[in-house]
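What follows is a short report on a single structure.
The values are calculated or read from the model by the stated rules, or taken from the named source; none is laboratory data. All of these numbers come straight from a predicted model, not from anything done at the bench. All Cβ positions, even for glycine, are placed from backbone atoms using ideal geometry, and neighbour counts span all protein chains on display. What goes into the accessible areas is simple: the full protein's heavy atoms, side chains included, and nothing from ligands, DNA or RNA. Shrake-Rupley method; radii C 1.70, N 1.55, O 1.52, S 1.80 Å.
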Amino acid sequence: MTENTRRSDYRFFHRLRVRWAEVDMQKIVFNAHYLMYFDTAISDYWRALALPYQEAMDALGGDLYVRKATIEFQASARVDDVLDVAMKCVRVGNSSIVFHGGLFRGEDFLVGCELVYVFADPATQTSKPVPALLREIFTAYEAGEALSEVKTGSWAELGEGAGAVRRSVFIEEQRIPKELEWDEHDESAVHAVARNRLGQVIATGRLVPGAAGQGRIGRMAVHRVLRGGGHGAAVLRALEEAARARGDREVALHAQRSAEVFYTRLGYVPHGEPFEEAGIAHIEMRKEIR
């Protein structure tokens, strides 16, 4: 199993810091925790594939079950070490999927792992062939290809998918009253949706006219388990481009204060004083797009 021992062998990394509760009487990480580290990284790997795990498995008609987990120790990690857990899909068989993992402290390879999963019917837990589309997704990711695509269009074209994400995020998660979520602007707005390779909508937003030369972006929503993966930024860029294409010189939005740092990183600047909207703290932010 001793292969893929260099950082350059991997595309995916999950960073963590060793906690005090994870070391043993020898003051090194207790051996059983390494498997937890790799399993945690696998969960993050699915997010890198732009796949919300449970919904993806439901769409694919199966689920994954661990058949074998092997750990090979080279060196130990200690409390407060910052570690990068690397994962790579190395082989997809008829019904099995094999991952190799490497635990790195800087450039030092500490621990290796091989995880073998079987794709199976969740009702009977009997194996079944790995769907061709899932094979393609693994291959595409490891080859460095994009795993999601953003499209813009009308409510008639994109409303079903956009509405589902907005309902999940705003009405169910944030408990915004549904009568405040839906309005007359949806019919005339430019909508953007990001879809993964299963065709599932994972992020959305819309653009409506503002003051002269200004577009107003709103209803920005990203699937709960895929936040931080760049999908919101991709939707925002698509809406900015739509505003620029119609001649707007500036875009503005009402940012939830919890997302203010996100918009700041993308070039938006606060304008005016904070305020409440639908019971949630907001601030207006603007960006020039000339």
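Shown here: region 77-133, whose C-alpha atoms stretch 42, 21, 16 Å along the first, second and third principal axes, sorted largest to smallest. In a reduced charge model with +1 at each Lys and Arg Cβ and -1 at each Asp and Glu Cβ, the chain shows a dipole moment near 500 debye about its Cα centre.
Projecting the Cα atoms of Thr124, Ala143, Gly163 onto the dipole axis of region 96-230, where Lys and Arg carry +1 and Asp and Glu carry -1 at the beta carbon, places Gly163 farthest toward the positive end.
For the chain, the longest principal axis of the C-alpha atoms and the axis of helix 155-166 are separated by about 60°.
Take each of the peptides 202-212, 252-262, average the number of other beta-carbon atoms within 10 Å over its residues, and list them starting from the highest. Before the final figure, lay out the partial values.
Numbers: 202-212: 21.2, 252-262: 16.7.
By packing density, highest mean first, the sequence is 202-212, 252-262.
Rounded to the nearest 20 debye, the dipole magnitude of region 117-203 is 420 debye, with +1 charges on Lys and Arg beta carbons, -1 on Asp and Glu beta carbons, and the Cα centre as origin.
Treating each Cα of region 135-208 as an identical point scatterer and summing with the Debye formula, the log10 of I(q)/I(0) at q = 0.12, 0.20, 0.26 Å⁻¹ comes to -0.39, -0.84, -1.15.
At 1.4 Å probe size, with every protein chain present, just tell me what the per residue accessible area of the chain comes to in Å². Please list the in-between numbers first.
On the way: 14930 Å² over 290 residues.
That works out to 51 Å² per residue.
The protection proxy used here, the mean number of other Cβ atoms lying within 10 Å of each residue, ranks peptides 94-105, 8-19 as follows, highest first: 94-105, 8-19.
Phi-derived couplings, Karplus 6.51 cos²θ - 1.76 cosθ + 1.60 at θ = phi - 60°, listed residue by residue for region 112-128: x, 8, 10, 10, 10, 10, 10, 7, 8, 6, x, 6, 10, 6, 9, 5, 8 Hz, with x used for Gly and Pro. Give the share of C-alpha pairs in each 5 angstrom bin for the chain, from 0 to the last occupied bin, in whole percents, shortest bins first. Pairs per bin, as whole percents: 1, 5, 10, 13, 14, 13, 11, 11, 9, 7, 4, 1, 0, 0. Helix 31-48 and the longest principal axis of the Cα set of the chain meet at an angle near 30°. In order along region 67-81, the Karplus-derived 3J(HN,Hα) couplings, from 6.51 cos²θ - 1.76 cosθ + 1.60 at θ = phi - 60°, round to 9, 8, 9, 10, 10, 10, 9, 10, 7, 9, 9, 10, 4, 6, 5 Hz, and Gly and Pro are given as x.
Computed from the C-beta positions of Ala132 and Thr264, the FRET efficiency with R₀ = 51 Å rounds to 0.75. In this simple spin-label approximation, Lys68 and Asn94 carry label points 7 Å from Cα along the Cα→Cβ vector, and these lie 1.7 nm apart.
Across region 50-96 the C-alpha pair distances fall into 10 Å bins from zero in the proportions 15, 37, 29, 18, 1 percent. The alpha carbon gyration tensor of region 201-240 gives principal lengths a ≥ b ≥ c with a/c of 1.5 or higher and a/b greater than b/c, which makes the shape prolate. Taking the inverse of the mean reciprocal distance over all distinct Cα pairs, the Kirkwood hydrodynamic radius of region 136-284 comes to 15.9 Å. For the chain, modelled as a GNM whose springs connect Cα atoms under 10 angstrom apart, the maximal fluctuation among Met57, Met220, Met25 occurs at Met25. Axis angle, to the nearest 10 degrees, between helix 132-142 and the longest C-alpha principal axis of the chain: 90 degrees.
Once you divide the Cα radius of gyration of region 28-122 by 2.2 N^0.38 Å, the number left is 1.15. Starting from the Cα gyration tensor of region 115-167, take the square roots of the eigenvalues, sort them a ≥ b ≥ c, and report rounded, prolate or oblate (rounded when a/c is under 1.5, otherwise prolate if a/b is larger than b/c, else oblate). It comes out oblate by the Cα gyration axes. Of the solvent-accessible surface of the chain, computed with a 1.4 Å probe over protein heavy atoms with every protein chain present, carbon and sulfur atoms account for 48 percent.
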